[in-house]
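Please read the structure below before turning to the comments.
Every number here is computed from the coordinates shown, using simple stated rules; none is lab data. All of these numbers come straight from a predicted model, not from anything done at the bench. Ideal geometry is used to build each Cβ from the backbone, glycine not excepted, and the neighbour counts take in all protein chains shown.
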Amino acid sequence: MEQSEITIAGDTPGVEWRLPVLHFRGDTKTAPKVYLQAALHANELPGTAVLHFLCDRLRKAEAEGALAGDVTIVPQANPIGAAQAHFGEMQGRFDLASRTNFNRDFPLVTLAERDALLADLDRETAVKRLKRRLLHMALGAELVLDLHCDDESIQYAYIDEAFWPEAADLASCLSMAAVFLSDGESTAFEEAVGHAFKHRGEGKLAKVPGRLAVTVELRGRRDVHPDTAKADADGLFRFLAGRGVVRASEPHAPAFTGPAVPLDNIDMVRALEPGTVLFHKDIGDTVEAGEMLATIITRPGLDDGLYEMRAERSGLVATRTSDRFVRRGDDLMKIVCKDRIRLDRAPGTLED
């Protein structure tokens, strides 16, 4: 394993950021190249733990001469966000300087324009330099995984329809409970990579065999445990073996049987009243239309102080908020539905 470091100059005198990058060198030029990163949202740490344990297995494979393809790993992809705290709490998701999501506003370039990402970097802010550096590294690979997590969540992924169903092996190896088929129309990191893969020259490709760009949601923010991290690292290693990156005899993962649905099938359940939320359904539960999802204590101590939130549709509870006080309009849950239920969704991501 080789370790390098990217230095990103800060936007104020005397400040700079250091981004460690780990490189594992394969011995077969035709094997797929891989790029994995975690903690682009700096306060989402399950992926950092997973990559730590994956590196153990990759070092062993490299030492044994079993590594065919190059693997580049950035275990903590956002040192800028990791340093941003507000009243003692790391923010991580939004840049406090620009109020922009760290996983938005990645440049949309063709694969042929990759090197242009590093041109005139001294004219860019530190956050834009970081994003261009990350994207440039990723576009040197064929298989790109961006490891995130949700709030309270099942294991799932956002996968562009251009990579499906070929990516079902990843869903299987990571024991995902669901797959959200995205439209590839945002400026999130994974979709910027997918944009370049689909726009290698002038034309847009509907399918991109042998390439992959995925946002993996590794359960919830508090799901940082040794057992799950090691199990997910084993799952990623099994995926790499199946794709010919590693020469290893890994147990065959069963076929993925979970739901794989377009974003228009995701019911975003939002609080219709403010107050203290009491959940009646947990992540992973299957609900029927009309069932109680939550009650909100809107007027504590009064007879009419409860507001009921019931499911409008049947489906699988994929996520829920960890907050127990909600404002009107706050996201409560994501429910995976069998049929399309959203007709007015703008192209792109489900949330800011």
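Any idea how many Lys pairs in the chain come in under 26 angstrom at the alpha carbon, given 8 or more places apart or on separate chains?
20
Return the loop-located GluC sites (Glu not before Pro) in segment 21-117 (DSSP other than H, G, I, E, B) with at most 14 other Cβ atoms within 10 Å of their own Cβ; answer none if there are none.
Glu64
Separation of segment 309-336 and segment 143-194 by C-alpha centroid, Å?
21 Å
Per DSSP H run of at least 4 residues, take -39500 (n - 2.57); add these up for the chain, divide by its residues and hand me the 222 nm value, nearest 500 deg cm²/dmol.
Calculated mean residue ellipticity at 222 nm is -6000 deg cm²/dmol.
Could you tell me the distance between the Cα centroids of segment 270-293 and segment 27-60, to the nearest Å?
After rounding, the separation between the Cα centres reads 35 Å.
With a Förster radius of 25 Å, plug the Cβ-Cβ distance of Glu312 and Asp352 into 1/(1 + (r/R0)^6) and report the FRET value to the nearest 0.05.
With a Förster radius of 25 Å, E is 0.65.
Filter the trypsin sites (Lys or Arg not before Pro) in segment 85-173 to those in DSSP coil with at most 12 other Cβ atoms within 10 Å of their Cβ, and list the result.
Of the trypsin sites (Lys or Arg not before Pro), the ones in loops of segment 85-173 whose Cβ has at most 12 other Cβ atoms within 10 Å are Arg99.
Could you check which residue among Pro79, Pro226, Pro32 shows the biggest mean-square fluctuation in a GNM of the chain with a 10 Å Cα cutoff?
Pro226
By count of other Cβ within 10 Å, fewest leading, how are Ser98, Ser186, Ser249, Ser314 ordered?
By the 10 Å Cβ count, ascending, the order reads Ser249, Ser98, Ser314, Ser186.
Compute the length gained on full extension between Asp330 and Glu64: take 0.36 nm times their separation in residues and subtract their Cα-Cα distance, giving the result in nm to one decimal.
90.7 nm
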